[in-house]
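Shown next, in structure tokens, is the structure this report addresses.
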Amino acid sequence: MELPRIDVAPLLDEPRSAEAGRIAVELDRACRELGFFTIAEPGLTDTLLPALDREARRFFALPDEVKAEIAMAKAGPAWRGWFPVDGELTSGRPDHKEGVYFGRNHPPDNPYVTAGTPLHGSNLYPASPPGLRAAVDAWMARATEVGLAVMRGLAGGLGLAVDWFDRHLVAEPTVLFRIFHYPAGHPDGWGVGAHTDYGLLTLLAQDDRGGLQVREPHGESWIDVPADPSLIVCNLGDMLERLTEGRYRSTLHRVRNVSGRSRLSFPLFLDPAWTATVPTLPLGGTPPAADVDRRWDGADLQAWEGTYGDYLTAKVSKVFPDLFADVRSGSGRELC
């Protein structure tokens, strides 16, 4: 099984055109069958990725004590900054990667910041390399624009108004961006354990080393995603599976770095607004039967209630338990 390749340029140019409608049908099929697809977006891969990749390699080549100048602990629950290899957990096991986390920049007087809301605050940018800040900011701006365009295509594919997500969930989206470095040398190639993403849509750029694997929907095998820096890999998160009552798939995936070389990846997560509730959509037909056993965590997404901020905080507190030891998920029920 191969990941579908979809040209999303019409969604960026004119989301209400007939050509955009054809793309929406392709997206809908990919989301129902696998929950993963690839897109060509030269504005990202050809224009912005070379600088982002270069500056990221310069950062990760620095000694840990230098990278620790922007350690995540210095941002507190804002969830920004660098963490070392084995510093992040997936399903309770340390990932064999290091990373640096960014998000939307919130000024000190932002109401969420003054209230101490988790995952809100200012980014921590390293002094060296000096070019990383500009590369990150440019990437986040363009990738967010592309992600919102894809969401308009998904709305069309679901038979909704193309601006449904803009009006109801992503007028003020939660945007999280990560740069991950997977060092070579782990005995079994371990990178990241099997998991699903939390929100709506992930847009992933990667280098040419490979390692991303996607679980085949109706079996036990894993699909190797080709390492092609000219393509953006997209996949759906838990909230889209909930919204569509399982019609769209939040598919299990993992990383195994078996190339013998270090690997870089650049995922951007486009998620609902912090205070948004995530109802099921008014879609025709009968949704698939709930299959809690199919999910890696045994969670029933349809039974969850609360805001997206509740859901995300509960998830993050499991990924970085020390950092979020004093953070509670509020009124939402924890699914992890």
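So here's what we get for this one:
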| read-out | value |
| --- | --- |
| Pick from the range 165-190, criterion in contact with a Gly (Cβ under 9 Å, 6 or more places away or on another chain) and more than 22 Å from Phe36 (Cβ to Cβ), ranking: surrounded by the fewest Cβ atoms within 10 Å (Cβ to Cβ) | Gly185 |
| Residues (within 27 Å of Pro287 (Cβ to Cβ) and either assigned to a helix (DSSP H, G or I) or touching a helix residue (DSSP H, G or I) at 6+ places or on another chain (Cβ under 6 Å) (or both)) located in the range 23-53 | Ile23, Ala24, Val25, Glu26, Leu27, Asp28, Arg29, Ala30, Cys31, Arg32, Glu33, Phe37 |
| Subset of the range 166-205 (residues that are touching a His at 6+ places or on another chain (Cβ under 6 Å) and not hydrophobic (A, V, I, L, M, F, W, C)) | His186, Gly191 |
| Qualifying residue in the range 6-20 (condition: closer than 17 Å to Ile232 by Cα, of a type in the set (Asp, Glu) and in contact with a Leu (Cβ under 9 Å, 6 or more places away or on another chain)) | no |
| Subset of the range 137-191 that is under 18 Å from Val8 (Cβ atoms) and of a type in the set (Asp, Glu) - its residue that is nearest to the chain's Cα centre (by Cα) | Glu145 |
| Subset of the range 44-63 [aliphatic (A, V, I, L, M) and either in contact with a Leu (Cβ under 6 Å, 6 or more places away or on another chain) or surrounded by 13 or more Cβ atoms within 10 Å (Cβ to Cβ) (or both)] | Leu44, Leu48, Leu49, Ala51, Leu52, Ala56, Leu62 |
| One residue from Ala56, Ala20 being in a helix (DSSP H, G or I), at pLDDT 95 or above and under 23 Å from the mean Cα position of the chain (by Cα) | Ala56 |
| Number of the condition not met by Leu160 [criteria: (1) aliphatic (A, V, I, L, M); (2) assigned to a loop (DSSP other than H, G, I, E, B); (3) without any contact (Cβ under 8 Å) to a residue 40 or more places away in the chain] | (3) |
| Qualifying position, being surrounded by fewer than 21 Cβ atoms within 10 Å (Cβ to Cβ), under 20 Å from the mean Cα position of the chain (by Cα) and of a type in the set (Val, Ile, Thr), among Thr286, Thr307, Thr280, Thr313 | Thr307 |
| Residue list for the range 126-157, filter: in contact with an Asp or Glu (Cβ under 6 Å, 6 or more places away or on another chain), assigned to a helix (DSSP H, G or I) and more than 27 Å from Tyr248 (Cα to Cα) | Leu132, Ala135 |
| Scope the range 260-273; condition under 15 Å from the mean Cα position of the chain (by Cα) and in a loop (DSSP other than H, G, I, E, B); matching residues | Pro272, Ala273 |
| Members of the range 296-305 found to be under 14 Å from Thr277 (Cα atoms) and either modelled with pLDDT of 90 or more or among the hydrophobic types (A, V, I, L, M, F, W, C) (or both), listed by number | Leu301, Ala303, Trp304 |
| Residue within the range 123-130 that is at pLDDT 90 or above, buried (at least 22 other Cβ atoms within 10 Å of the Cβ) and small (Gly, Ala, Ser) present | no |
| In the range 64-105, residue nearest to the chain's Cα centre (by Cα) [restricted to those that are surrounded by fewer than 19 Cβ atoms within 10 Å (Cβ to Cβ) and part of a loop (DSSP other than H, G, I, E, B)] | Arg104 |
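The values are calculated or read from the model by the stated rules, or taken from the named source; none is laboratory data. Source: prediction; values computed, not measured. In this analysis, Cβ positions are derived from the backbone assuming ideal geometry, glycine residues included, and neighbour counts consider all displayed protein chains.
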